[in-house]
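A.B. asks: Below you'll find the structure I mean.
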Amino acid sequence: MTDETPMTGAVAEKPPETAAASGVSAIPQDELNRLTDEIIAGIKTVFDPEIPADVYELGLIYKIDIGDDRAVKIDMSLTSPNCPSAQELPIMIENAVASVPGVKDAKVDVVWDPPWDPSRMSDEARLVLNMW
């Protein structure tokens, strides 16, 4: 599902099955699509240390905003406010996204609204966690 916003840049939102960039951008659409795909692929390399699924499939990524200057801002949540990985996961995601060719910078903000719940998980994560 995509979300159009009045700000410049592109926004990609959950669910992963239909994650795409939209909005008005100075970046050519094919380059924006490549960046979006590679950013999501980078995020999928980050696994929650306590759960055998990546943070994207767990539904922890709420928004990906690609600015015209190629700076990427990500809103994410955690499975719990008491998550022991609260300090390291955002840094791991920033590093994974910053390593994507063409990305100028990556910044992750942890948000709590809406609160995460298991309904945000993809079918892939449900399968890995045997949560049907």
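A.B. asks: Going through segment 54-86 one residue at a time, which ones are among the acidic types (D, E) and crowded, with 19+ Cβ neighbours inside 10 Å?
C.D. replies: If the condition is that a residue be among the acidic types (D, E) and crowded, with 19+ Cβ neighbours inside 10 Å, then D54, E57, D65 are the ones that fit.
A.B. asks: Examine segment 44-54 for a residue that is modelled with pLDDT of 95 or more and touching a Ser or Thr at 6+ places or on another chain (Cβ under 6 Å), and state whether such a residue exists.
C.D. replies: Looking through segment 44-54, none of the residues is modelled with pLDDT of 95 or more and touching a Ser or Thr at 6+ places or on another chain (Cβ under 6 Å).
A.B. asks: Before we move on, is N95 among the polar types (S, T, N, Q), out of contact with any His (no Cβ under 8 Å at 6 or more places or on another chain) and at pLDDT below 95?
C.D. replies: no
A.B. asks: Does at least one position in segment 88-102 carry a residue that is surrounded by fewer than 17 Cβ atoms within 10 Å (Cβ to Cβ) and touching a strand residue (DSSP E or B) at 6+ places or on another chain (Cβ under 7 Å)? Give the steps one after another, and end with the answer.
C.D. replies: Residues of segment 88-102 surrounded by fewer than 17 Cβ atoms within 10 Å (Cβ to Cβ): 88, 91, 95, 98-99, 101-102.
Of the ones still in play, those that are also touching a strand residue (DSSP E or B) at 6+ places or on another chain (Cβ under 7 Å) are 98.
Checked against the condition, which is being surrounded by fewer than 17 Cβ atoms within 10 Å (Cβ to Cβ) and touching a strand residue (DSSP E or B) at 6+ places or on another chain (Cβ under 7 Å), segment 88-102 yields at least one hit.
A.B. asks: Within segment 29-53, restricting attention to residues that are free of Cβ contacts under 8 Å to residues at least 60 places away in the same chain, buried (at least 16 other Cβ atoms within 10 Å of the Cβ) and not basic (K, R), which residue is farthest from S122 (Cα to Cα)? So that I can check it myself, show each step before the final result.
C.D. replies: Here is the first cut: in segment 29-53, the residues free of Cβ contacts under 8 Å to residues at least 60 places away in the same chain are 29-30, 32-33, 36-37, 40-50.
Keeping just the survivors that are buried (at least 16 other Cβ atoms within 10 Å of the Cβ) gives 32, 36, 40, 42-44, 46-48.
Imposing the further condition that a residue be not basic (K, R) reduces the set to 32, 36, 40, 42-43, 46-48.
Details: L32: 24, T36: 18, I40: 14, G42: 17, I43: 14, V46: 15, F47: 14, D48: 15 Å.
In this case the residue turns out to be L32.
A.B. asks: From (1) in contact (Cβ under 8 Å) with a residue 60 or more places away in the chain; (2) under 23 Å from A26 (Cβ atoms); (3) not small (G, A, S), pick out the condition that doesn't hold for V72.
C.D. replies: (1)
A.B. asks: Let me ask something else about it. Please list, ordered by first then second residue, the pairs with beta carbon atoms under 7 Å, 6 or more apart or interchain, first in segment 90-110 and on the phi > 0 side of the Ramachandran plot, second in a helix (DSSP H, G or I) and crowded, with 17+ Cβ neighbours inside 10 Å.
C.D. replies: G102/L35
A.B. asks: Take segment 55-80 and flag every residue that is within 21 Å of M131 (Cα to Cα), small (G, A, S) and modelled with pLDDT of 95 or more.
C.D. replies: G59, S77
A.B. asks: Would you call S85 touching a helix residue (DSSP H, G or I) at 6+ places or on another chain (Cβ under 9 Å) and not basic (K, R)?
C.D. replies: yes
A.B. asks: Of the numbered conditions (1) outside any strand (DSSP E or B); (2) modelled with pLDDT of 95 or more, S25 fails exactly one; give the number of that condition.
C.D. replies: (2)
A.B. asks: Right, here's the next one. Looking only at segment 119-132, count every residue that is over 16 Å from the mean Cα position of the chain (by Cα) and under 17 Å from K63 (Cα atoms) and tell me the total.
C.D. replies: The number of residues fulfilling the criteria is 1.
The values are calculated or read from the model by the stated rules, or taken from the named source; none is laboratory data. Note that the structure is a prediction, hence the values are computed from the model and not measured. Note that we place each Cβ from the backbone using ideal geometry, even for glycine, and neighbour counts take in every protein chain shown.
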